[in-house]
Structure formats: structure tokens, C-alpha cells
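Okay, structure first, notes after.
The values are calculated or read from the model by the stated rules, or taken from the named source; none is laboratory data. In this text the structure is predicted, and so the values were computed from the model without any measurement. Here Cβ is always computed from backbone atoms with ideal geometry, including for glycine, and neighbour counts include all displayed protein chains.
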Amino acid sequence: MQRVRVSSFQSPISKMTLSPQFGLAEIQSSLLDPSLELELSNRGERLIPGLPDDVALQCLLRVPVDKHSTCKAVCKRWYSLFGSKEHFFTRRKEFSFHDQWLFVFAHHKCTGKLEWKVLDLTQFSWHTIPAMPCKDEVCPQGFRCVSIPHEGVLFVCGGVASDVDCPLNLVLKYEVCKNHWTVMTKMITARSFFASGIIDGMVYVAGGNSRDMVELNSAEVLDPNKGTWRSVANMGTNIASYDAAVLNGKLLVTEGWYWPFYVVPRGQVYDPITDNWENMATGLREGWTGSSVVMYEHLFVVTEHERTKLKVYDNETDSWCTVEGPPLPEQICKPFCVDCWDNRIYVVGRNLHLAVGHISSPCPRGSSTKRCRFSVHWQVVDAPESLSELTPSSAKVLFA
């Protein structure tokens, strides 16, 4: 198992604010004017002397975020490029640069303050983004977060006001290229502890708790382009969701389980094509004992019991198989949250320590083996001491 020590140095992503008493705000504004960059270019002032600007830009757009403050001091053109995160990431998008960033929604275990921390998965450095525009007295676990990774977009929905135990219909949108939160149209129904997922770019939410902790059976969908919600078919039963996943174009919702199993967990599956819900297969719902991700068109679960092993669901036999390899590293303490990309699964535990699970490729096509076998090996990334008071609620991979 490989361990990586992360530097405790942090550089904020949010925009720098300058004191007006020194008259620097106007200077900064003029230096960030796009027309100035064009004017300097026309004068022959190169981004990097001796290199064409298109080549130089390819180099500079790869500079890590924590080095931007230093780079701004080089010259006016560098200040223009590195002085605005929106401008920098917009230019990266134009050049089709896509680096992975892990966005972690966490709360301080003593103050309860909500925070978003961002881990650059290339440089393994932590950063911050602006605070969400929501009230302070909220339960972090009541929110649901979904993302569209390649668009660099994150949605935060619902929640519950902990001071009055009242569910919320809040919807917030964060865009990496703008480093900015937008308040979207509210959900039709206020809900907390519900299921959520993105199918074909549409945001689906279902079930959850309403006022007085009454479970819901309603569901709705958001069209992010239009910014409008509409109702879809009600679920077959009232469910407050423990976990959810999107597999083969369908939304899988599990009620969850209690240890030991005092009650049999319920589960529902939604097909957006037919706008219909059906009961989840018995083996699938009874073996779903942890937090899920979808990789290789298979549902994986990081179990919260069973020695915290990783397991995968076999649709043909309606059963779960243990993934070969060691259990989740002991440094990753519950509660934890998970996400994945490509062949890696990211598990963020208490104090924001991270385990990266490298999943082996499944059986090649044409193999005589009917059931694909997977294996995992873990890499641990220790978070800096400054994050030791944080507990994660959600983690999402975005590209920027």
C-alpha cells in the first residue's frame, strides 16, 4: 500500500480581495481587462520571450493553482492570465484541458460550519472555494450532491434546517470555470435525506423526508439548461434514501439497512424512458450495505461492515462478490463518502484522509469466464493537519 504525504500549504481558489485604502482595486481591475492582454500582445510583448503565444499559453495553463499568486508578479500579461480564476479556467476549457479535482463537502465537528474543500488530484494539494449561499443552521447529511464531471458543474439540493427540523427545497449550482455559486429554481417539494442522480444530463431526486420526518414517495427532475423542475411518477412506496446510484440509465434507490438487520431494507428502481418505478431485486437491496459507485458498468459498494471490504454486484445471479484485495485502509475512518472516475475509486474519511482504490480491468471480451473478477489495491493520501476537524458528507470528481 503506497502512502503519499500531502503538504499542509494551502492556496485559496476564491478571488483575492484587496484593501481599497491603498487604491489597488482599480489597478487590479484594469490589469484583468481582456482588452489589455490583446493590446500587450499587439505590442509584441510575449507571454514567454522566444515562444509563440499559443505555445506559451499551453505551458502556462498547466501551472498548478497554488503557484498562481507567485506567477501574477511576473508581468502584466501573466497577471491578466492568473489574476482571475474564471479567466484561467475558461482558457483551459478552450484548450480542452481536463484535470481531475475532488470536491469534498464537509462540516467542522465542533462548530458545525459547512465547508467545501477541493483536492487537486494531479498535484495532491488542497484548496477552498467560496461558501455556499445557504443558512448556517443546517444538517450537512440532509443535502444531496450530484455532478456533471466533464462540464465542471456541481448541484447541491434539499437539506434540512436543523434548528427547526424543517426540510429545504434549496438548489445551488457551482461552476468550476466561474468559481461561483448560483441559486437555481427551487425543487417542487422540500425534502431531506433523499435519493438523487444524473441521467442524460438531467437531475433526478426522489423520496426523502418531509416535515415531521414523514417519508415521501414523490419524485421530480430538473432540466439544468431550462432551470425548471417537473414531477415524474411517484415511487412505489414512501422511502427516505440511504444511498442511490445510476446504473444502465436507471436510478437505483436503497432505503438502507440497520445493523443487525432488524428490518428487511426496501429498494426501488426508476426507468426515465418508461417513467416507471419497480421493486429492486432482493439480492441487490439486501446486499447493498455501504456507499456505492458505478465502474465498468458494475455497481461497487464500500461496505461499512464485513471488514470494510469492497464488493461488486452480479446482475446475472442477483448476488454480491467480494473484490480481491485488502480492505479499506484503517486510516480511513467512518463516516466516509465515495466517488470514482475511470478505474479509480476515491474514499474520503474523517479528517479528510483519502484512500484511492485502483481497480483492475475486468475480464477481456471473448473470455470464457462467465463472471468478471475484479481486484483492488489502495493508495493513502494523508490530509494536512489543518483539516483534522472536518467530517465529510459528500465527494464529487469534477474536471477543470
query: With respect to F124, is the statement that it is at pLDDT 95 or above and of a type outside the set (S, T, N, Q) true?
result: no
Note: among V160, V176, just one is farther than 18 Å from H107 by Cβ and either in the same structural domain as Y242 (by TED's automatic domain parsing) or buried (at least 20 other Cβ atoms within 10 Å of the Cβ) (or both), namely V176
Looking across segment 70-112 at residues that are free of Cβ contacts under 8 Å to residues at least 24 places away in the same chain and closer than 26 Å to I148 by Cα, the single one that is surrounded by the most Cβ atoms within 10 Å (Cβ to Cβ) is F82
Residue hits (segment 121-147; in contact with a Cys (Cβ under 9 Å, 6 or more places away or on another chain) and of a type outside the set (A, V, I, L, M)) are F143, R144, C145
Scanning segment 139-160 residue by residue, those closer than 9 Å to S192 by Cβ and in a strand (DSSP E or B) turn out to be F143, R144, G158, V160
Screening Y346, Y313 for residues that are at negative phi, surrounded by 21 or more Cβ atoms within 10 Å (Cβ to Cβ) and touching an Asp or Glu at 6+ places or on another chain (Cβ under 6 Å) leaves only Y346
Of the residues in segment 273-300, those that are assigned to a loop (DSSP other than H, G, I, E, B) and either crowded, with 18+ Cβ neighbours inside 10 Å or aliphatic (A, V, I, L, M) (or both) number 5
Subset of segment 178-200, residues within 18 Å of M213 (Cα to Cα) and of a type in the set (K, R), comes to R191
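Here is a yes/no grid of residues against (1) within 15 Å of the chain's Cα centre (by Cα); (2) farther than 29 Å from I345 by Cβ; (3) of a type outside the set (F, W, Y):
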residue	(1), (2), (3)
L81	no, yes, yes
R92	no, no, yes
D99	yes, no, yes
A106	yes, no, yes
C110	no, yes, yes
W116	yes, no, no
D120	yes, no, yes
Selection over segment 209-224 where residues are assigned to a loop (DSSP other than H, G, I, E, B) and either modelled with pLDDT of 95 or more or aliphatic (A, V, I, L, M) (or both) yields a count of 5
Filtering segment 162-208 for residues that are part of a loop (DSSP other than H, G, I, E, B), farther than 30 Å from F97 by Cα, touching a residue at least 40 places away in the same chain (Cβ under 8 Å) and of a type in the set (A, V, I, L, M) leaves a count of 2
